[in-house]
Each structure stands twice: as structure tokens, then as C-alpha cells.
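Here, each number is a calculation from the coordinates, and none is a lab measurement. Note that this is a predicted model, so its numbers are computed, not measured. Methodologically, a virtual Cβ is constructed for each residue, glycine included, from the backbone with ideal geometry; neighbour enumeration extends over all protein chains shown.
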Amino acid sequence: MAKPSGYSRVQIQLHWAVFVLIVLQFLFHDGIDNAFDRGLDAGALTLSVPVILHFATGGLILLLAFARLAVRQARGVPDHPAGGVQKTVAHLVHYSLYGVMILLPVTGAVAWGQASEGAGEVHEILTKILLMFVGVHVAAALFSHYVQKSGIIRRMLDPDSP
Ligand code: HEM
Ligand code: HEM
């Protein structure tokens, strides 16, 4: 299948929708943190509005991550402007981002569903790993756009921008 010249409108909308949802998860996790810690101590986890919101937002991220992979499979993605090692690393980071977007909701659901402190810890470590990959991803996008003058950020703003 020939590679498309850029990302489609749907791919761009999905990228930024997931970005916003992930920011929300990082801004508002005190409610679920406290409910989880208190629940483990008390021997019973209790649902509350912040817990349900964290669960719903996380579930939506999981659904949208699969939707993105489905669109990616069906339509393809544009070729990376750089070649060689930079392209390989970019692909590795993209796949890792998808992996963490899927593992986070899964470990979160196991932590809550099984009242598992261990799964909670793995969930917490994954949030740090996500931050690390996003940091590399954004730094690489800025480097490619401004230093290498590839204009790559336009790809995630304008549909079909090469
Ligand atoms: C991609 C989706 C998700 C993201 C980005 C995310 C993010 C976070 C963050 C940033 C924390 C705070 C960690 C810390 O204290 O440093 C957290 C805690 C937690 N999340 Fe999620 N979460 C997601 C999905 C879910 C889902 C679907 C559930 C299922 C109920 C869940 C359950 C929990 C629990 C139980 C905690 C408390 C863990 C603990 O204190 O050890 N999360 N989450
Ligand atoms: C939560 C934060 C973010 C996540 C999880 C994320 C995830 C991803 C993923 C998985 C891809 C690959 C899409 C594919 O080819 O299937 C991608 C591409 C891209 N992202 Fe992000 N992203 C985030 C934030 C950002 C930010 C803040 C920027 C702005 C600098 C950005 C700019 C881009 C660009 C320009 C591409 C296209 C790269 C290319 O064509 O090779 N992303 N993002």
C-alpha cells in the first residue's frame, strides 16, 4: 500500500483528543490516589465521582488508542522525513507510546478490580514511563521542526500536510 502524504483529519483529531485526555489524567489523579490508598487500608474500595471519572477517561484513552491503531492499519501513516536511525527511533517511540496507552488502563483496571497494590505500583511506574516517552517525543518533534527545519509539526495540525 502506498504511504499517504500526511495524516488524515481523523488521525489528527484522535492524536489531540488523546493528548487532552492524558493531560486530564495527570492533572486530576488525587481523587483516585486517595480512594485507592484509603480503600486498601480499609479492606474495601469505594467508588466516588473522581474515581469514576478517572476510570471513564482511562477507558476512553484505551478505546481511542485502538481506534488510532485501526486507522493506522487501514490508511497508513506518512513516511518519516528523516531516514536511518532517527526514523527507527521515531517508530520505536511511537509504538512504545501506543503500548503504554494500552497498558496503563489495563494495569489501572487490574489495580482497582483486584485491589492489588502491586498493579497500582506498576500503573504508577507506567505513568512515569509515559511522561518519559512523551518528553522524548515532543523534544524530537521540536528538534525536527525547528532545527532540521522539516516542518513536521504541521503534519499534526493540517490534514495531508507532508
Ligand atoms: C491511559 C489511561 C490512564 C492514565 C494516563 C492514568 C494516570 C494515572 C496517574 C497519573 C495516576 C497517579 C499516579 C501517581 O500517584 O503518581 C494514576 C493512579 C491510579 N489510576 Fe490511573 N490512569 C489511567 C487509567 C486508569 C484506569 C482505566 C484505571 C481503572 C480504574 C486507573 C486506576 C488507577 C488507580 C487505582 C490509581 C491509584 C494507584 C496508586 O495510588 O497506587 N487508571 N493514574
Ligand atoms: C500525551 C502526549 C502525546 C502522545 C501520547 C503522542 C502520541 C503520538 C503517536 C503514537 C504518534 C504516532 C502516530 C502514528 O504514526 O501512528 C504521534 C505522532 C506525532 N506527534 Fe504526538 N503525542 C503526544 C503529544 C504530542 C505533542 C505535544 C506534539 C507537539 C510537538 C506532538 C507532535 C506529533 C507529531 C508532529 C507527530 C507526527 C510524527 C511523524 O510524522 O513521524 N505529539 N504522537
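The table below gives the values:
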{"read-out": "Residue-count net charge about Leu45 - beta-carbon cut-off 15 Å; Lys, Arg +1, Asp, Glu -1", "value": "-3"}
{"read-out": "Farthest toward positive dipole pole in the chain [+1 Lys/Arg, -1 Asp/Glu at C-beta], among Val18, Gln148, Met132", "value": "Gln148"}
{"read-out": "Cβ-based exposure ranking for Trp16, Trp112, in which fewest neighbours within 10 Å come first", "value": "Trp16, Trp112"}
{"read-out": "Sorted by Cβ neighbour density within 10 Å, fewest at the top, the residues Met132, Met156, Met101", "value": "Met132, Met156, Met101"}
{"read-out": "Helical contribution to [θ] at 222 nm, DSSP H n ≥ 4, -39,500 (n - 2.57), averaged over the chain, rounded to 500", "value": "-25000 deg cm²/dmol"}
{"read-out": "Relative contact order for the chain, counting Cα pairs under 8 Å that sit 6 or more residues apart, in percent", "value": "34"}
{"read-out": "With Cα atoms, 0 to 90° folded angle of helix 49-75 axis to the chain main axis", "value": "30"}
{"read-out": "Crossing angle, helix 84-113 versus the chain [Cα axis fit, 0-90 degrees, rounded to tens]", "value": "20"}
{"read-out": "Check: region 31-134 dipole with +1 on Lys, Arg Cβ and -1 on Asp, Glu Cβ, in debye", "value": "580"}
{"read-out": "Angle between the chain longest axis and helix 117-142 axis [Cα atoms, degrees, rounded to 10]", "value": "20"}
{"read-out": "Local electrostatic count, Glu121, Cβ distance below 14 Å [Lys/Arg +1, Asp/Glu -1]", "value": "-3"}
